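What follows draws every value from the coordinates through simple rules; no lab data is involved. Not measured: the values here are computed from a predicted model. No Cβ is skipped: glycine too gets one built from the backbone with ideal geometry, and neighbour counts run over all protein chains shown.
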Amino acid sequence: MDMTMTIRRYRPGEEDALWCLYHDTTHRINGRDYTPEQCERWAPAIPDMSQWTERIRARNPFVAEHDGQILGFAELEPDGHIDFFYCHHAHQRQGVGRRLYEALEAEATRLRIPSLHAAVSTNAKAFFLRMGFKVEKEQRNIVCGVVAPNTIMRKELASDLRDAGMECSSPTDRHSSLTFRQLTPAEEAAGYQVICDTVDWLREKGIKLWEKPLPREVYTVRQQRGENYGLFVGGELAGVVSLVRGAAQQWTEELPDRRIMWMSTLTTANAFRGRGLGRQIVEQAIALLTDRGETMLYLDCKPGFLVDFYSKAGFEEVARKTATIHRGSTCYRAEVVLMRRAL
Ligand SMILES: CC(C)(COP(=O)(O)OP(=O)(O)OC[C@H]1O[C@@H](n2cnc3c(N)ncnc32)[C@H](O)[C@@H]1OP(=O)(O)O)[C@@H](O)C(=O)NCCC(=O)NCCS
């Protein structure tokens, strides 16, 4: 089976299948170590599916699939926390967990997350030990009036990162390392500041591009969904971009499919302008999405030099129109060009 198992990111529409797997594994596998009441608390017979769907969309888990059937899923958060990690109850000890874990660790390494950690159930402790985790703390939580032990486990990845020589140098920055990765929760404010600084800079220069920053709450929602990325030069945040699912509001009629990838809010930090880093961010985003198995990337921009900039990165113009652009509580009319790039 191992040969034909695919590990990929979850696809919208799979929330019900993931819930069933989670529910059944919790009751049948974890149920060996915990009481029926505890299992019911974690995976109730009547779930709040809108909350679950929201969670799955935000976490964008890895999914193991074989012959059209989902055999497991695993979540990775930007700070290295592994929350849900579940394999199908009828496919335990068949290598599904290992394959999921390997994909998750590879992604963590690529994102330069220094360590992975999880609060592990009794059943899963042996598995995580096998994957190289160490016990940090044994806990005895009380759930439904009964002790529900679990174990905090951690695996350091930092030395592996150094060994793997993950630092890459670019032609524009031969002396500093360049890293492109998801922003951690602690970096969200710095990411948003880069956007606000850009608006000030554009205003100073009299360039009519972004008249107002993206509303803060929109950036926070993107952060919670793991959609905010940063380019780091020698450890300093040199630029940001958001890679989100679904077209911007002004194009949802032309692009109704909520699964498409949309590139938004690309900017370099003021201190890093004019060094070709905008191009670097676009190239890194394309490489990352190609890696993930995405097939098309869309964006829109104002007509003019930006159309040339994106054309040089392989984007083609699809449409242009005058649209109403929504910025929080305000909106304005502007001409916009829709572009796309096959991955
Ligand atoms: C934990 C879990 C995800 C492991 O998935 P799995 O597909 O059964 O694991 P694999 O078959 O890939 O096992 C990988 C390795 O771990 C070992 N392993 C897995 N479960 C084990 C167990 N219960 N006891 C001893 N070793 C175990 C396997 O022997 C294998 O070692 P090997 O490759 O050297 O032979 C799965 O048991 C599960 O879904 N558990 C219930 C949900 C859960 O508790 N999740 C954790 C929440 S934190």
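Values computed for the structure shown
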item	result
Long-range HN-HN contacts of Val318 with modeled amide H, under 5 Å	Leu338, Met339, Arg340
Size of charge dipole - the chain - debye, nearest 20, with Cβ of Lys, Arg +1 and Asp, Glu -1, no other charges	420
Unit charges at the beta carbon, dipole of the chain: most positive-side option, Cys87, Thr6, Met296	Met296
Choice from Ile82, Ile113, Ile142 with maximal GNM fluctuation in the chain (Cα, 10 Å cutoff)	Ile142
Most positive-pole-ward Cα, Thr184, Leu104, Ala45, against dipole of the chain from beta carbon charges	Thr184
Length released on extending from Ala106 to Thr290, taking residue separation times 0.36 nm less the Cα-Cα span	64.7 nm
The range 1-78 - percent relative contact order, Cα under 8 Å, separation 6 or more	43
Residue-wise HN-Hα coupling along the range 183-192, computed from phi with Karplus coefficients 6.51, -1.76, 1.60 (Hz; x: Gly, Pro)	6, 7, x, 5, 9, 4, 4, 5, x, 5
Per-residue ³J(HN,Hα) for the range 49-56, Karplus 6.51 cos²θ - 1.76 cosθ + 1.60, θ = phi - 60°, Hz, x for Gly and Pro	5, 6, 5, 4, 4, 4, 4, 5
Label-point separation, Val307 to Gln249 (7 Å along Cα→Cβ), nm	2.5
For Gly239, distant residues with modelled amide H under 5 Å away	Leu231, Ala269
Within the chain, longest stretch free of exposed GluC sites (Glu not before Pro) [DSSP loop, at most 15 other beta carbons within 10 Å]	1-166
Residues in the range 242-259 reached by a label modelled at Lys321 [backbone nitrogen below 19 Å; 7 Å Cα→Cβ]	246-259
Sites Thr220 and Glu136 - FRET efficiency at Förster radius 25 Å, r taken between beta-carbons, to 0.05	0.25
Relative contact order (%) - criterion: Cα under 8 Å, at least six apart; region: the range 168-342	18
Mean separation of Cα contacts under 8 Å (6+ apart) over length of the chain, as relative contact order %	11
Computed over the chain, Cα set: Rg, Dmax in Å	22.0, 67
Cα convex hull volume per residue for the range 168-342 (Å³)	118
Farthest toward positive dipole pole in the range 168-342 [+1 Lys/Arg, -1 Asp/Glu at C-beta], among Ile195, Thr324, Phe309	Thr324
Lys, Arg +1 and Asp, Glu -1 on Cβ, resulting dipole of the range 195-273 about Cα centre, debye, nearest 20	60
